[in-house]
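The values are calculated or read from the model by the stated rules, or taken from the named source; none is laboratory data. Predicted, not measured: the structure shown is a model, and the values here were computed from it. Glycine also receives a Cβ, built like all others from the backbone with ideal geometry; neighbour counts cover every protein chain displayed. In case anyone asks, the SASA skips ligands and DNA or RNA and just uses the protein heavy atoms, side chains included. Shrake-Rupley method; radii C 1.70, N 1.55, O 1.52, S 1.80 Å.
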Amino acid sequence: MKDDNSKQPKVDIPKVWSCNEWDPLEEVIVGSTEGAIVPMWDDVSVQATTPAHARWFFEKYGGQPFPAEMIEKANQELDGLCKVLTDLGVIVRRPDAMDFSNEYKTPWWSSRGLYSAMPRDIFLVVADTIIEAPMAWRNRYFESFAFRNLIQEYFKAGAKWLTAPKSSMAGDFYRNDYSPEVPYINGEKQFVISENQIAFDAADFVRFGKDILVQKSNVTNAMGIEWVRRHLGPEFNIHEVEFGDEHPMHIDTTIVPLCPGKLLINPSWVKKKDLPDLFKDWEIIEAPEPVMPYDSALYFSSDWLTMNFLSVDDKHIIVEENEKPLIELLEKHGFKTIPIPFRNFYPFGGSMHCATTDIRRRGKLEKYF
Ligand code: NVA
């Protein structure tokens, strides 16, 4: 894909630099739904986090492209997001086109790809380091290659680039005894992936400067978290958290920092008393119920995509235009919202936070706790 913006950055910080979710955004990658392929329902890792009401969609289209009309409408909304960002002076970069319909084979299994819609899932930028996640879905094994030219460009410009070891994703990596109907056993949360190889998606991490919160999930295991902890080293504190999402995959509809001292929580999964002590002096704001009904048009996610917005800085937030209660709440707390249409992107499993990954936010690497 062509980039929407060929402006050269005014760089007096490293070309890749982002330490949190709220510093002023200067450069961002925005994903694409072009060529997106529907996963197969019989994939246990897909079943683990996919709403039961969406099963028909996977059974009907699994292994085939998403319906053309869905792709077109979602891409129009992505283009709209790019325009808003560009108008705000943010440099927008896009992935390369990739044929996700090609079947690929490893020594253990074969699969088709998924899409390049959600760069947040793959890349975790911590200060000047891009961490490329190993992922845990077979259909995402090669997804990072849609972004490879961009990441190489950032590497040439001085960024550090870590690629975590990929799991084989062979049969024993997934737990045959896992059932989405039994999310807890003896009070312990259950996941479809095992602990026998490293796995994580970048979107299970949320950055607060030198403190980073992470959840174990159906795509992120303890070994994956330990890999990130060791590679980031003693300057960073990686805090493992657990909340009430029974089928967790990606933390960015569970807790969302708005600025230093203000945290938005999903009240259906997060109770204030269960937050780590870190937040004892923070204002905790409960998100309102989503406006969009939890219905069959959400194929990969909960309706809490409403919280999956993108902060341009610590005062301006791009939000989905229909989420009026959320917009009112954010405005009441002193934020300016920039509402845009984005509902046609939801069926692909995310909103603007998932659809983007920060490359550069102007600010310092700090402690906020
Ligand atoms: N799995 C979470 C995050 C999606 C971006 C949800 O469904 O809300």
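Structural remarks
- Residue within segment 296-317 that is within 16 Å of the ligand (Cβ to nearest atom) and surrounded by fewer than 17 Cβ atoms within 10 Å (Cβ to Cβ) present: yes
- Consider segment 340-365 and keep the residues that are over 30 Å from Asp128 (Cα atoms) and open to solvent by 20 Å² or more (accessible area, probe 1.4 Å). The one that is farthest from the ligand (Cβ to nearest atom) is Pro341.
- In the set (1) away from the ligand (no atom under 16 Å from the Cβ); (2) open to solvent by 30 Å² or more (accessible area, probe 1.4 Å); (3) closer than 24 Å to Ser167 by Cβ, His247 fails one condition alone, (1).
- Just one of the numbered conditions (1) open to solvent by 60 Å² or more (accessible area, probe 1.4 Å); (2) touching a Leu at 6+ places or on another chain (Cβ under 9 Å) is not true of Lys156: (2).
- Checking the stated criteria, Pro339 turns out to be over 14 Å from the mean Cα position of the chain (by Cα) and in a strand (DSSP E or B).
- Note on segment 30-122: enclosed helices (runs of 4 or more DSSP H) holding 2 or more residues that are without any contact (Cβ under 8 Å) to a residue 60 or more places away in the chain are 55-61, 68-87.
- Residue match in segment 336-357 (condition: touching a helix residue (DSSP H, G or I) at 6+ places or on another chain (Cβ under 9 Å), farther than 22 Å from Gly31 by Cα and not hydroxyl-bearing (Ser, Thr, Tyr)): yes
- Residue within segment 254-262 that is more than 17 Å from Phe369 (Cα to Cα) and either within 15 Å of the ligand (Cβ to nearest atom) or open to solvent by 30 Å² or more (accessible area, probe 1.4 Å) (or both) present: yes
- When segment 318-336 is filtered for residues that are in a helix (DSSP H, G or I) and within 15 Å of the ligand (Cβ to nearest atom), only Leu326 remains.
- Applying a threshold of 7 Å to beta carbon distances and a minimum spacing of six or more residues, or different chains, the list of pairs starting in segment 228-246 at a residue that is part of a loop (DSSP other than H, G, I, E, B) and ending at one that is at pLDDT below 95 reads Phe243/Asp274.
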